[in-house]
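Bear in mind that the values in this text are calculations on the coordinates, not laboratory data. Since the structure is predicted, the reported quantities are computational estimates derived from the model, not experimental observations. Please note: Cβ atoms are built from the backbone with ideal geometry, for glycine as well, and neighbour counts cover all protein chains shown.
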Amino acid sequence: MSYDRYVAICRPLQYPVLMRRQICYIFSMGVWFWSSVQALTCSLYVLPLPYCKSNVIKHNMCDYPALVQLSCSDNSAFEKAIYLGDFLVFLIPVTVILASYIAILLQVLRSRPSERSHKALGTCLSHLCVVGLFYGASMVTYMTPVSSYSAQKSMTNTIFNTVVPAMMNPFIYSLRNRDVSAALRKLFAKCSLHK
């Protein structure tokens, strides 16, 4: 999404070439491939582990840090390999997203201020908020050492990772609608009058 916005704002005349179907397929396949390799690596390691602790996982979804914590074997090599993999899974997309938005910001700052530039920044800022929530919660969940794993924290992070960005999307994107913004201003004005 950030690359699409970068091309639409910074290179609008090249958009049909830079965002053709084959490039979208390559991006999609790259993301699916790397995520599948990461998930398969975790699954193949966790499945044969010997479990000597309680077999009850206090979690709202089955996640490998919870399973690794229940294992009675030494998992330090696995933890190091997974942290490296998780670091790459987070680093690559976050780098592309930040580079795209920095290029958009520089392009908007170079051009004369107009309503179109404010609209571009508003669109990008709302996307950046949702992406920040998602990646922030994901990093806290998956980059925390298994030795300091807490089921309660992990459940909270999972909700921030899965539910909150999906809930925030309609709210954030609808704030750009003039009717919704006007209704919110009226609501806040009424609330401040009643105080």
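In order along the range 73-85, phi translates into HN-Hα couplings of 9, 7, 10, 5, 5, 5, 4, 5, 5, 5, 4, 5, x Hz, rounded to whole numbers, per the Karplus curve 6.51 cos²θ - 1.76 cosθ + 1.60 with θ = phi - 60° and x for Gly and Pro.
I want the local charge near residue 19. Using Cβ-Cβ distances under 11 Å, sum +1 for each Lys or Arg and -1 for each Asp or Glu among the other residues.
Values: positive: 5, 11, 20, 21; negative: 4.
For residues surrounding residue 19, the net value is +3.
With axes computed from alpha carbons, what is the tilt in degrees of helix 178-194 against the longest principal axis of the chain, rounded to the nearest 10 within 0 to 90? The helix 178-194 is inclined about 80 degrees to the chain. Relative to the dominant Cα principal axis of the chain, helix 21-46 is inclined by about 30°.
Approximating the spin labels as points 7 Å out from Cα along Cα→Cβ, the residue 169-to-residue 94 distance works out to 2.2 nm.
Under 29 Å between alpha carbons: how many lysine pairs meet that in the range 2-162, if sequence neighbours fewer than 8 apart on the same chain are excluded? If you can, show how the numbers build up before the last one.
Numbers: 53/80; 53/153; 58/80; 58/153; 80/153.
Taking the range 2-162 as the scope, the lysine pair count is 5.
If you take the beta carbon distance between residue 144 and residue 193 as r and set R0 to 41 Å, what does 1/(1 + (r/R0)^6) give as a FRET efficiency, to the nearest 0.05? E(calc), rounded to 0.05, equals 0.35.
Springs join every pair of Cα atoms under 10 Å in this Gaussian network model of the chain, and among 66, 99, 77 the largest mean-square fluctuation is at 77. Straight-line cross-link reach from residue 190 at under 27 Å between alpha-carbon atoms covers no lysines, not counting any fewer than eight positions away in the same chain. Each of residue 110 and residue 180 was given a label point 7 Å from its Cα along the Cα-to-Cβ line. The distance between the two points is 3.2 nm. Computed from label points 7 Å out along Cα-Cβ, the spacing between residue 36 and residue 129 is 3.6 nm.
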